[in-house]
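K.L.:
One structure follows; several queries about it will come next.
The values are calculated or read from the model by the stated rules, or taken from the named source; none is laboratory data. In this text the structure is predicted, and so the values were computed from the model without any measurement. Quick reminder, even Gly has a Cβ in these numbers, built from the backbone with ideal geometry, and neighbours come from all protein chains shown.
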Amino acid sequence: MNFGEFEGTQNFTAQYELWQSLRMADTLVEDTTGMLEEFWAMGDTGRYGMLGRIDSLIDMDDTAAARALIDDPALLTPEYAQSARGVTIADDIAANRVVENYRSWYDLYLKYLGESLQEADMDEMWRLANLCVQYDGHVVYNARTLWNMLHDEMAEFSSECDTNENDTSSRVANQYFARPFELLSKGEVQQYNLLPNPNNGNFIVNQLVSDQAAVAVEVWNILGVKVYENRLEFKAKRAAIKTCDLMPGNYLLKLNDSKGETYIIKFTVL
């Protein structure tokens, strides 16, 4: 059983996104064959599991442990596997390209959290942002979103995918950058973004300017129905949102902060 239509890096990318979806689900997708559970367990012992644990450690603000996993040589060791029933983990040497991109992204994001980004790091972020999602992993969306937030712009990225130039699917992250409806004329202007985007309904919201006052949060679907609301408190300019039972599709995240500003971010649930 081969999850994903593509070979090499594309197959790894498709499988890892499926594995992530299974990891983040409250309950495993119903599967009478048990093959999805077997796929998840096999992936958890290899590089899918290592990448997933880095995500979890960053979410828990355990940056030291996350850094140790990023630098672990095992992360550079492919672990192609196939069970007796044919469940396949498509992790071969070609997938090193994708894993290296994730390692680079995590390094950049930890530096961003520690406010230690340098000029060379911005060059690397731009490189990642201009790669192809299908070949290089969904981490490309993360790099694009952070780049836009840091530069207060919605950049046009020149994807390296072999796709039609009119196909904007690989540049969809450009629109996921929120600013207030009315910008302040002077002083620091607050901005928000969310990572990853697209996601499975669980994501991180980042602030540009530190503000620990509670922020009212609402999620609206394309039919204009409010499907989630809560109040967020930011720590180190980050807060996690975990929604439940959102169907795949496009949504709007609405943020109302303590200063009365309103921010809107469009995001996609896969």
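K.L.:
Among the candidates Thr145, Thr77, Thr88, single out the residue that is of a type in the set (Val, Ile, Thr) and over 30 Å from Met35 (Cα atoms).
P.N.:
Checking each option against the conditions leaves just Thr145.
K.L.:
Still on this structure, I have one more. I'd like to know if the range 166-180 contains one or more residues that are surrounded by fewer than 18 Cβ atoms within 10 Å (Cβ to Cβ), more than 25 Å from Val133 (Cα to Cα), of a type in the set (A, V, I, L, M) and at pLDDT below 75.
P.N.:
No, every residue in the range 166-180 fails to be surrounded by fewer than 18 Cβ atoms within 10 Å (Cβ to Cβ), more than 25 Å from Val133 (Cα to Cα), of a type in the set (A, V, I, L, M) and at pLDDT below 75.
K.L.:
Still on this structure, please answer the following. Only helices (runs of 4 or more DSSP H) wholly contained in the range 1-97 count here; list those with 2 or more residues that are touching a Phe, Trp or Tyr at 6+ places or on another chain (Cβ under 7 Å) and at pLDDT below 85.
P.N.:
Correct list: 8-24.
K.L.:
Now, a different point. Show the residue pairs meeting these rules: Cβ distance below 7 Å; 6+ apart or different chains; first residue within the range 244-270 and closer than 15 Å to Asn193 by Cα; second residue of a type in the set (D, E, K, R) and not in a loop (DSSP other than H, G, I, E, B).
P.N.:
Leu252/Lys266; Lys254/Glu218; Thr262/Lys254; Ile264/Lys254
K.L.:
Scan the range 210-235 residue by residue and report those that are closer than 22 Å to Tyr141 by Cα and touching an Asp or Glu at 6+ places or on another chain (Cβ under 8 Å).
P.N.:
Scanning the range 210-235 gives a single hit, Val219.
K.L.:
Something else: For the range 205-260: of the residues being in contact with a Gly (Cβ under 8 Å, 6 or more places away or on another chain) and part of a strand (DSSP E or B), which is farthest from Ile58 (Cα to Cα)?
P.N.:
Taking the candidates together, the pick is Asn221.
K.L.:
Yes or no: the range 185-202 includes at least one residue that is basic (Lys, Arg) and modelled with pLDDT under 85.
P.N.:
Yes, the range 185-202 contains a residue that is basic (Lys, Arg) and modelled with pLDDT under 85.
K.L.:
Related question: Residue under question is Leu128, and the condition is that it be touching a helix residue (DSSP H, G or I) at 6+ places or on another chain (Cβ under 8 Å), over 30 Å from Gly34 (Cα atoms) and not in a helix (DSSP H, G or I); does it hold?
P.N.:
no
K.L.:
Considering only residues that are in contact (Cβ under 8 Å) with a residue 12 or more places away in the chain and in a loop (DSSP other than H, G, I, E, B), which ones fall in the range 99-116?
P.N.:
Gly114
K.L.:
Starting from residues that are of a type outside the set (Gly, Ala, Ser) and in contact with a strand residue (DSSP E or B) (Cβ under 7 Å, 6 or more places away or on another chain), keep the ones in the range 203-216 and report whichever is modelled with the highest pLDDT.
P.N.:
Only one residue tops the list, namely Val215.
K.L.:
Take the residues in the range 217-260 that are acidic (Asp, Glu) and modelled with pLDDT of 85 or more, then tell me which one is farthest from Gln207 (Cα to Cα).
P.N.:
Glu229
K.L.:
List pairs: first in the range 126-155 and on the phi > 0 side of the Ramachandran plot, second of a type in the set (A, V, I, L, M) and part of a helix (DSSP H, G or I), Cβ under 8 Å, 6+ apart or cross-chain?
P.N.:
Going by the 8 Å Cβ cut-off, the qualifying pairs are Gly137/Val98.
K.L.:
Restricted to the range 84-143, and to residues that are touching a Pro at 6+ places or on another chain (Cβ under 9 Å) and over 26 Å from Ala64 (Cα atoms), which residue is surrounded by the fewest Cβ atoms within 10 Å (Cβ to Cβ)?
P.N.:
Taking the candidates together, the pick is Ile93.
K.L.:
Scan the range 80-98 residue by residue and report those that are closer than 23 Å to Val140 by Cα and touching a residue at least 24 places away in the same chain (Cβ under 8 Å).
P.N.:
If the condition is that a residue be closer than 23 Å to Val140 by Cα and touching a residue at least 24 places away in the same chain (Cβ under 8 Å), then Ile89, Ala90, Asp91, Asp92, Ala94, Ala95, Arg97, Val98 are the ones that fit.
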